[in-house]
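Remarks on the structure that follows.
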């Protein structure tokens, strides 16, 4: 009787042992098929309590913000230093003047707008005027209470501009219509429709990096230059409020 029990127990043990090894084999096959993703998910859950906390995340984000601020301040100082060396103009947002458009002549040959701020408000001839989208023009005349602005679409307007993608300076000339002409004094300039145009860092009339427009079409290449039509970002015919930039010469 005892021997029968021993044989039965032995068979049960060997059967259990076989299932144990079979289970290990299936587990290893699963790991192989899943390419270790099970281990990664398992590690994800057991390591979660030890992840960096919210406090550390805030410290990292704060450090990144501080780094970005330092870099921005360095770039601003560099820009000011270089522009002083070149005797170029600067503008300060602290000296900006908000003004309303009280009259406009945007459909004729002489294109200008009149603002409700004048010399009593500190507006001076040569100040830059911007609206939603970018550059509108420059103040060409002031009275005690008003100022007149020559738009960049006027034939009187000629400004140095910058084409960012190809890193080249050009001249923006008003033609008396809604699309001023960009002149690049290089017939090999790789200008394309959609290129972004802003005020030139080398301009003696404007602060740098003021948005102006995008290239809408490219004219036939001449012998020594390329010209293109510029679609302006700021629309003087629909803008009611502007900012006058106090430019320091």
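The values are calculated or read from the model by the stated rules, or taken from the named source; none is laboratory data. Model, not experiment: these values are computed from the prediction. Because the Cβ atoms are built from the backbone with ideal geometry, glycine has one as well, and the counts that use them run over all protein chains shown.
When the residues of region 130-148 are filtered to those that are in a loop (DSSP other than H, G, I, E, B) and over 31 Å from the mean Cα position of the chain (by Cα), the one that is nearest to residue 230 (Cα to Cα) is 146.
Checking 244, 214, 183 one by one, the residue that is at pLDDT 90 or above and closer than 16 Å to residue 149 by Cα is 244 and no other.
Can we say residue 133 is buried (at least 17 other Cβ atoms within 10 Å of the Cβ), in contact (Cβ under 8 Å) with a residue 60 or more places away in the chain and within 12 Å of residue 232 (Cβ to Cβ)? No.
All conditions but one from (1) out of contact with any helix residue (DSSP H, G or I) (no Cβ under 6 Å at 6 or more places or on another chain); (2) over 17 Å from residue 237 (Cα atoms); (3) surrounded by 13 or more Cβ atoms within 10 Å (Cβ to Cβ) apply to residue 142; the one that does not is (1). Evaluate the following for residue 200: is it surrounded by 14 or more Cβ atoms within 10 Å (Cβ to Cβ), within 22 Å of the chain's Cα centre (by Cα) and either assigned by TED's automatic domain parsing to the domain that holds residue 103 or farther than 16 Å from residue 137 by Cβ (or both)? Considered against the rule, which asks whether it is surrounded by 14 or more Cβ atoms within 10 Å (Cβ to Cβ), within 22 Å of the chain's Cα centre (by Cα) and either assigned by TED's automatic domain parsing to the domain that holds residue 103 or farther than 16 Å from residue 137 by Cβ (or both), residue 200 comes out as yes. Among the numbered conditions (1) surrounded by 13 or more Cβ atoms within 10 Å (Cβ to Cβ); (2) out of contact with any strand residue (DSSP E or B) (no Cβ under 6 Å at 6 or more places or on another chain), the only one that residue 188 does not meet is (1). Identify all residues within region 203-249 that are in contact with a helix residue (DSSP H, G or I) (Cβ under 8 Å, 6 or more places away or on another chain) and either closer than 17 Å to residue 140 by Cα or without any contact (Cβ under 8 Å) to a residue 60 or more places away in the chain (or both); write none if there are none. Residues satisfying the conditions are 245, 246.
Residues of region 166-177 that are surrounded by 17 or more Cβ atoms within 10 Å (Cβ to Cβ) and part of a loop (DSSP other than H, G, I, E, B): 174 alone.
The condition of being part of a loop (DSSP other than H, G, I, E, B) and in contact with a strand residue (DSSP E or B) (Cβ under 8 Å, 6 or more places away or on another chain) holds for only one of 237, 243, that being 237. Flag: residue 195 does not match the condition of being over 16 Å from residue 134 (Cα atoms) and at pLDDT 85 or above.
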